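The values are calculated or read from the model by the stated rules, or taken from the named source; none is laboratory data. On a predicted model such as this, the values are computed, not experimentally measured, just so you know. All Cβ positions, even for glycine, are placed from backbone atoms using ideal geometry, and neighbour counts span all protein chains on display. Just the protein is used for accessible areas: all its heavy atoms, side chains included, with ligands, DNA and RNA removed. Shrake-Rupley method; radii C 1.70, N 1.55, O 1.52, S 1.80 Å.
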Amino acid sequence: MINAHFKLILKQQRSDFMQAATPGQPLAGGQRGFIVNTIGNGCFQCISFGVATSTHPATASGSANHLNGIIGLELPNKDLYKRLSKGNERLTERRLMKKLTLFGCAVAGAALMGASPVMAAAGASRGVVAVTAQLPLAPGLAGIPVLEIKADQVKAKSSPILYGLMTEEINYSYDGGLYAEQLRNRNFKEAPRGGGGRRGQPGTDTGAPQRATVPYWSLVQTGGGTGAMELDASQPLNEAVTRSLKLTVESVGANQHVGVANEGFWGIGVRPSTQYRATVWAKGGNGFTGPLTLALVSTDGKTVYAQAQIVRISDNFQMYEATLQTAASVPTTKDATFQVWVGSKGTAWFGFVSLFPPTFKNRPNGLRPDIMQMFVDMKARFLRFPGGNYLEGSDLANRWNWKATLGDVSQRPGHMSPWGYWSSDGLGMLEYLEWCEDVDNMEPVMGIYSGYSLGRQTAAAGEELKPFVQDALDQIEYTTGDASTKWGAQRAKNGHPAPFKLHFVEIGNEENRGPAYEARYVQFLDAIRARYPDIKVISSVAEAPKIGNTTPDVQDDHHYMSPPGMLGMWNKYDSYDRKNSPQVFLGEWATRLNNGSSPLTPNLEYGLCDGVAAIQFERNSDLIPMQCYAPLLVNVNPGGSQWTCNLIGYDVLNCYGGASYHVLKIFSNYRGNTILAAEVQNSPTREIPMRGPGIQATDPRMRTVPRFYYDATRESASGTIYLKVVNPTDAPLPVHVKITGVTTIEPTGQIGEVKGIDPVELNTITEREKIVSTVSKAEGLGTDFIRTFSPYSANVLILKGK
Ligand code: AHR
């Protein structure tokens with residue numbers, strides 16, 4: 001016998017509820033229960049308990065995958081639905097059941113057939129029947145996988161900081177991304193052509209428009225006013241900013257403008273009723289003493305969205321600040337420039353010009369609220385920074401030198417990112433730590449420059465390495481020392497008197513340099529252990545349980561895998577040698593193809609493969625304390641990316657999560673603190689083509705992988721069990737779930753899902769919510785029940801147990 005719960009929806013006129021069927025909104029007419037309606041194009045509308053649950057409004061060309069709540073009745077695709085419904089025909093229950101059975105939804109059909117008497121008893125002629133019934137195991141159920149969760153067998157504790165973030169300056173992650181600064185090349189240091197090569201190679205910044213003089217700045221002359229602009233190395237702002245922008249105004253009158261304009265990072269984000277904080281380092285000469293007008297102007301120059309004036313400026317560089325306030329009537333647009341107009345004849349020099357919209361938690365020099373909120377929503381528990389290759393730099397001079405990222409932003413020199421573009425270092429050491437603090441105080445996992453850069457400049461262990469080891473100790477003191485320490489005092493001076501927590505540092509990035517790394521790692525390790533014995537020192541050599549004779553505290557494994565590759569390693573860590581291996585940090589991983597053909601942000605297929613990876617990491621989180629997808633961020637504008645498959649995409653106005661973001665978000669939000677023993681019988685398998693390094697697309701070899709992937713965790717205080725299941729196939733997946741070692745499981749729980757109908761479906765900057773996660777009521781649960789998981793879905797079943 002099984003405890004089967006299902007709902008049938010019958011003979012409902014779509015006109016009864018169409019007008020009220022907006023996701024999340026109550027229905028008109030007080031209907032309750034599930035209603036499945038045909039939409040003209042052969043899609044479903046799903047309504048749950050008087051509230052529309054479909055992510056697709058009835059009128060949109062939505063997907064067929066939101067037909068939930070009927071046991072086993074998740075139709076694999078639109079085509080099947082079309083064949084079932086033949087267009088707009090309304091189905092009777094008996095015909096629906098017959099067709100389902102005919103079309104191979106054996107479980108659903110069988111269960112529904114079994115339920116007919118109950119339905120009849122309920123006397124439903126129209127609308128909804130929701131039934132929980134003890135049914136004999138129907139013939140169609142034989143052979144489905146049986147998943148046993150042993151709630152009284154705790155395998156291990158699950159790491160509380162398992163889900164985190166990995167970040168570096170790649171894909172305009174900070175400048176043009178998370179860092180809220182709107183102006184590009186704010187201190188005029190960017191070369192007309194990008195000078196830095198990617199990952200140590202010589203090259204040019206192909207994303208940057210080639211300009212003769214000052215990248216991202218242009219001269220404004222309107223209404224007949226005239227002037228000229230040029231870089232002026234003879235008038236540096238300070239030692240770090242070794243030039244300025246000189247504007248000579250020849251003539252300017254009423255209704256004329258002469259000035260300079262900045263185009264931002266693929267536009268400037270203008271919103272109504274918003275305050276922008278502008279900062280300008282400037283001085284005047286040749287008779288010019290003011291005013292300066294700062295303005296947000298449409299790119300066609302016709303509309304001024306906001307402006308402010310600095311009445312007088314001196315003939316020495318000084319900082320001026322102004323607030324620009326947009327009116328409620330201003331449109332939301334990125335079609336804008338920031339302009340500085342000089343009010344009379346003469347010369348003005350600009351050393352640094354900056355514009356900030358409101359930031360997350362209103363931090364000065366802060367971060368974008370919308371993207372930060374995504375980290376909070378994901379319940380990220382740590383941040384690995386600053387890389388990645390960005391830590392190493394293309395060469396020694398362009399490594400991430402944390403000391404050059406401190407203090408007043410107008411004094412930070414900036415440097416070339418190994419990803420081929422300029423980094424302002426406005427998001428520097430302190431900002432990383434504040435980022436951690438602001439996302440529910442997540443753990444910093446701090447990268448230490450190891451003496452190795454991508455251009456293969458290496459400081460040898462011993463004397464040569466000593467200054468770098470000292471830098472590392474200073475870096476830790478800056479983070480954790482109180483204000484009585486030298487570097488703690490520096491942090492206090494920079495605006496953060498309270499020390500930060502720090503439990504993990506990592507030496508270098510992806511270093512597989514044999515004995516050279518071993519000697520450097522050990523030198524860092526000894527120095528750090530001597531002063532900070534509680535800090536774990538991560539080795540950046542993957543799958544190396546020993547570094548020389550030393551067992552590192554933690555090793556950092558990276559996995560970038562094709563979809564079959566990721567599915568193929570679904571159980572890699574299950575049998576890992578826990579006795580002889582350090583703990584494993586999955587510091588970078590993602591499903592992607594390294595031939596450039598993957599999308600900028602993961603599609604549904606990649607998201608589900610990433611879900612399989614995350615399930616494995618969760619199941620093994622006694623071994624794996626932390627894991628983070630990489631890269632985290634991508635600016636989706638043309639030329640804004642150097643890497644495909646990134647977790648979060650954005651332009652200057654909007655951001656969105658790739659499919660993997662939604663899977664990781666729901667997985668991170670719903671999990672317990674203990675890992676339960678769970679095993680499956682009758683586990684179905686399938687053959688998938690092998691892919692991976694050295695394997696051609698034409699290679700006929702196949703590998704056998706499970707049809708579905710699972711893990712179970714339990715929150716010990718509440719008794720809630722979280723069953724995660726990924727079904728990456730195109731067929732519904734019925735699973736017979738048995739839970740032992742509990743007294744009861746409540747019949748009603750919740751189901752969190754990310755699903756779709758087409759593996760290549762993906763979110764984009766214009767369609768940001770095609771794939772999202774939803775949480776809804778799940779019924780028919782117990783200690784023995786059948787649940788059918790949708791095709792192409794990642795699920796968390798939330799079971800309330802005692
Ligand atoms: O995540 C992108 C890059 O991949 C990282 O910078 C590097 O560590 C890895 O090779």
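Quick notes
- Hey, T704 open to solvent by less than 10 Å² (accessible area, probe 1.4 Å), hydroxyl-bearing (S, T, Y) and outside any loop (DSSP other than H, G, I, E, B) or not: no
- In segment 621-645, the residues that are touching a Pro at 6+ places or on another chain (Cβ under 7 Å) and near the ligand (Cβ under 10 Å from one of its atoms): W643, C645
- Residue list for segment 153-177, restricted to those being out of contact with any helix residue (DSSP H, G or I) (no Cβ under 6 Å at 6 or more places or on another chain) and away from the ligand (no atom under 15 Å from the Cβ): Q153, V154, K155, A156, K157, S158, S159, P160, I161, L162, D175, G176
- Residue list for segment 492-517, restricted to those being modelled with pLDDT under 95 and either more than 16 Å from the ligand (Cβ to nearest atom) or among the charged types (D, E, K, R) (or both): E511, R513, G514, P515, A516
- One residue alone among A614, A590, A527 is over 30 Å from Q470 (Cα atoms), in contact (Cβ under 8 Å) with a residue 24 or more places away in the chain and more than 15 Å from the ligand (Cβ to nearest atom), and that residue is A614.
- Yes/no for S581 being open to solvent by 70 Å² or more (accessible area, probe 1.4 Å) and more than 16 Å from the ligand (Cβ to nearest atom): no
- Across segment 533-578, the qualifying residues are those that are of a type in the set (S, T, Y) and away from the ligand (no atom under 15 Å from the Cβ), and the one among them that is surrounded by the most Cβ atoms within 10 Å (Cβ to Cβ) is S562.
- Residue match in segment 513-520 (condition: over 26 Å from E477 (Cα atoms) and either open to solvent by less than 20 Å² (accessible area, probe 1.4 Å) or charged (D, E, K, R) (or both)): yes
- Residues being over 18 Å from the mean Cα position of the chain (by Cα) and part of a strand (DSSP E or B) - total across segment 738-774: 8
- Among the residues here, A712 does not qualify as free of Cβ contacts under 8 Å to residues at least 40 places away in the same chain and either open to solvent by less than 10 Å² (accessible area, probe 1.4 Å) or in contact with a Leu (Cβ under 9 Å, 6 or more places away or on another chain) (or both).
- Selection of segment 339-388 for residues being within 16 Å of the ligand (Cβ to nearest atom) and either among the aromatic types (F, W, Y) or surrounded by fewer than 23 Cβ atoms within 10 Å (Cβ to Cβ) (or both) yields only F385.
- Within segment 403-417, considering residues that are open to solvent by 10 Å² or more (accessible area, probe 1.4 Å) and assigned to a helix (DSSP H, G or I), the one nearest to the ligand (Cβ to nearest atom): A404
- Any chance T743 is open to solvent by 10 Å² or more (accessible area, probe 1.4 Å), without any contact (Cβ under 8 Å) to a residue 40 or more places away in the chain and farther than 30 Å from G269 by Cβ: no
- Exactly one residue among S244, S273, S234 is of a type outside the set (D, E), under 17 Å from Y320 (Cα atoms) and at pLDDT 95 or above, and that residue is S244.
- Summed over segment 592-650, residues that are at positive phi and surrounded by fewer than 24 Cβ atoms within 10 Å (Cβ to Cβ) total 2.
- Residues in segment 567-591 that are within 19 Å of the chain's Cα centre (by Cα) and either more than 20 Å from P631 (Cβ to Cβ) or at pLDDT below 95 (or both): there are none.
- Residue pairs meeting the criteria (Cβ under 9 Å; at least 6 apart or on separate chains; first more than 20 Å from L367 (Cβ to Cβ) and of a type outside the set (A, V, I, L, M), in segment 630-642; second near the ligand (Cβ under 9 Å from one of its atoms) and not in a loop (DSSP other than H, G, I, E, B)): Q642/W419
- Positions within segment 429-473 being open to solvent by less than 50 Å² (accessible area, probe 1.4 Å) and either at pLDDT below 95 or part of a loop (DSSP other than H, G, I, E, B) (or both), in sequence order: V439, M442, Y449, S450, G451, S453, L454, G455, A459, A460, A461, G462
- Selection within segment 759-787 - in contact with a helix residue (DSSP H, G or I) (Cβ under 8 Å, 6 or more places away or on another chain) and surrounded by fewer than 22 Cβ atoms within 10 Å (Cβ to Cβ): P759, V760, E761, V772, V775
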